[in-house]
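Colleague: Provided herewith is a single structure, encoded as structure tokens, for subsequent inquiry.
Every number here is computed from the coordinates shown, using simple stated rules; none is lab data. Remember, it's a predicted structure, so these values are computed and weren't measured experimentally. Backbone-built Cβ (ideal geometry, glycine too); neighbour counts: all protein chains shown.
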Amino acid sequence: MIDYQGERFKLYLEKRGISANRAAKALDVTRQTVYQYFRSKNLSRDTVASILSVFNVSEEEIWVTSPNPRLEASPTRLYANPLDHEDKTEKIITLPDGTMAMRVPIVPARAYAGYMRGFADPEYYDDLEDILIGVDKEPNGTYIGFEVVGDSMICLDTVELAEESIFPGRIAVGRDLDRDSWKTKLHVHNYKNWIFVHKTEGILIKQIAAHDVAEGIVTIHSLNPNYPDEQLKLEDMQQIFSVIQIVQRTRPKMK
């Protein structure tokens, strides 16, 4: 039996950056009533039904799934700008030697809690720090850098798997795929690694073992054999990134 704890509803709103005042207006109740919901140990069935209808969610998304998202790929920043380029106005920069660099926004680790709430807000991205990475041609799309966390993508069983492994501290630069691309077969033959920003599971870096287009389900795969394959519904994703590059994290020089 599900306990409809108000604290879980409060957590749901916080994850999505929805204020109590905004929730009150949506539910057509007072802000004080929303605060009463937060303190409730078991919300009434009518209140639960209203919440599910207004916010278009399932019971499982608020009251069943774990409130603690996994963190395997944390947004972060690279401390040093290896190209020492101070011009912030251009996304693509051509250097004196003719090579090109792309400016990639990097979310500081301290802002991880706000990333999943603010990822769709253009103003959120405007305030991000950034780095430059070398590119062969002018790219299209939106790119974000993530620092890899944990050992799910490490396997040392063979030389090939060791070379394929992605170790903690590396930066995975991902290209954000628009949702229309999710409706067709994802290009797993072009991109080996993927980053999934999941509504409840957190930020995951994985490979794709299978993509059921008809059912909208991807089977994600870790290199580490201790992590079993999992099936995730695409409808539960906030963002999907194809990883275009793994970058060694650079650190500031000691003075």
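Colleague: Please work out the Kirkwood hydrodynamic radius for segment 158-255, using every pair of different C-alpha atoms, and report it in angstroms with one decimal place.
Modeller: Details: mean 1/r = 0.0687 Å⁻¹.
The answer is 14.6 Å.
Colleague: If you project the alpha carbons of segment 156-198 onto the principal axes, what extent comes out on each, in Å, largest first?
Modeller: Result, largest extent first: 37, 22, 16 Å.
Colleague: Sequence gap at least 6, Cα distance under 8 Å: using those rules, report the relative contact order of segment 163-240 to the nearest whole percent. Please report the intermediate quantities before stating the final value.
Modeller: Working: 101 pairs, mean separation 20.7, N = 78.
Normalised by residue count, the contact order of segment 163-240 is 27 percent.
Colleague: Say R0 is 30 Å: what FRET efficiency, to the nearest 0.05, do N21 and W182 get from their beta-carbon distance? Present the calculation step by step, with values, prior to reporting the outcome.
Modeller: Working: r = 33 Å, r/R0 = 1.11.
Computed FRET efficiency for N21 and W182 comes out at 0.35.
Colleague: Let me ask something additional. Full-extension gain between I92 and Y35, please, as 0.36 nm times their residue separation minus the C-alpha to C-alpha distance. Show your work: numbers first, answer last.
Modeller: Details: separation 57, 0.36 × 57 = 20.52 nm, distance 4.74 nm.
The I92-Y35 span can extend by a further 15.8 nm.
Colleague: Right, here's the next one. With a Förster radius of 45 Å, plug the Cβ-Cβ distance of S44 and T219 into 1/(1 + (r/R0)^6) and report the FRET value to the nearest 0.05. Present the calculation step by step, with values, prior to reporting the outcome.
Modeller: On the way: r = 39 Å, r/R0 = 0.87.
Efficiency, from the Cβ-Cβ distance: 0.70.
Colleague: Continuing with this model, one more query. Please sort by residue number the GluC sites (Glu not before Pro) in segment 209-246 whose DSSP state is loop and whose Cβ has at most 10 other Cβ atoms within 10 Å.
Modeller: Numbers: sites: E215, E230, E235; in loops: E215.
Hits after loop and neighbour filter: E215.
Colleague: Please identify every one of the trypsin sites (Lys or Arg not before Pro) in segment 17-51 that sits in a loop by DSSP and has no more than 14 other beta carbons within 10 Å of its own beta carbon. Mind showing how you got there, number by number?
Modeller: Details: sites: R22, K25, R31, R39, K41, R45; in loops: K41.
In loop regions of segment 17-51 (DSSP not H, G, I, E or B), the sparsely surrounded trypsin sites (Lys or Arg not before Pro) are K41.
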